[in-house]
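See structure below.
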Amino acid sequence: VAKATVLVGGEAGSLGGKLAPLDDHRPPPPVRLLTDERGAFAADDVPAGQVPVAVRATGWSPWSGVVAVEVGKTTDVPIALQPSASVTGVVRDDAGEPMVDVHVAVQSRTLMGLQYDFTDSEGRFTLSDLPLGESELIAHRDGSGRATTVLGAEAGGRYVWDPVLGTGLLIRRR
């Protein structure tokens, strides 16, 4: 796939969310590349070891994996992007009315970057190019509640999720 975004190395040189002491060795920051017209890419000076690689392109579900890189050797990475999976739906309140400007997002360990949409004037949203496998879908608007579900996406899958947001239990002062 031409012009796909490739990320080589951990997202922001992550250390599992922990700050390392100044004298600790930190991994280099990730390298972002674009594939050429044949879908190929090359990254230079990649450190040896287990290196995460992620690929994303419009119209395709993202791919991620770990590649064993050896010193002084070129490593081929066979990547086969799968057709995009997507989810659409309408967010409603407890009374069944469509909700505007609800943040609808997908969270996945294999996702490269943030992926979200906001509902339109009729409560509709679309999330495209979803990661394959298990992801969590979240619909949220401040003061209106939150809804979540787990989606098991397959290549080319078209899914519908119609979350209902409610304020839940209200505690009022007398």
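The values are calculated or read from the model by the stated rules, or taken from the named source; none is laboratory data. Being a predicted model, the structure only gives us computed values, none of them experimental. Positions of Cβ are generated from backbone atoms using ideal geometry, with glycine treated the same way; all protein chains shown enter the neighbour counts. Side chains are part of the model used for accessible areas, which takes the heavy atoms of the whole protein and leaves out ligands, DNA and RNA. Shrake-Rupley method; radii C 1.70, N 1.55, O 1.52, S 1.80 Å.
Quick rundown of the values:
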item: Candidate set: the stretch 26-41, residues that are touching a helix residue (DSSP H, G or I) at 6+ places or on another chain (Cβ under 9 Å) and open to solvent by less than 100 Å² (accessible area, probe 1.4 Å); chosen: the one modelled with the highest pLDDT; result: Pro30
item: Residue, farthest from Arg141 (Cα to Cα), within the stretch 100-109, restricted to residues that are surrounded by 15 or more Cβ atoms within 10 Å (Cβ to Cβ) and in contact with a Pro (Cβ under 9 Å, 6 or more places away or on another chain); result: Ser108
item: Residue check for Val46: surrounded by fewer than 19 Cβ atoms within 10 Å (Cβ to Cβ) and touching an Asp or Glu at 6+ places or on another chain (Cβ under 9 Å); result: no
item: Residue list for the stretch 1-25, filter: modelled with pLDDT under 50 and either over 14 Å from Pro47 (Cα atoms) or of a type in the set (Asp, Glu) (or both); result: Ala12, Ser14, Leu15, Gly16, Gly17, Lys18, Leu19, Ala20
item: Some residue of the stretch 164-171 being at pLDDT 95 or above and touching a strand residue (DSSP E or B) at 6+ places or on another chain (Cβ under 6 Å); result: yes
item: Subset of the stretch 54-74 (residues that are hydroxyl-bearing (Ser, Thr, Tyr), outside any strand (DSSP E or B) and touching a residue at least 12 places away in the same chain (Cβ under 8 Å)); result: Thr58
item: Test: residue in the stretch 83-92 that is within 21 Å of Leu7 (Cα to Cα) and in a strand (DSSP E or B); result: yes
item: Check on Ser86, at pLDDT below 95 and open to solvent by less than 50 Å² (accessible area, probe 1.4 Å); result: no
item: Residue list for the stretch 101-153, restricted to those being within 28 Å of Pro30 (Cβ to Cβ) and part of a loop (DSSP other than H, G, I, E, B); result: Ser108, Arg109, Thr110, Leu111, Met112, Gly113, Leu114, Pro131, Leu132
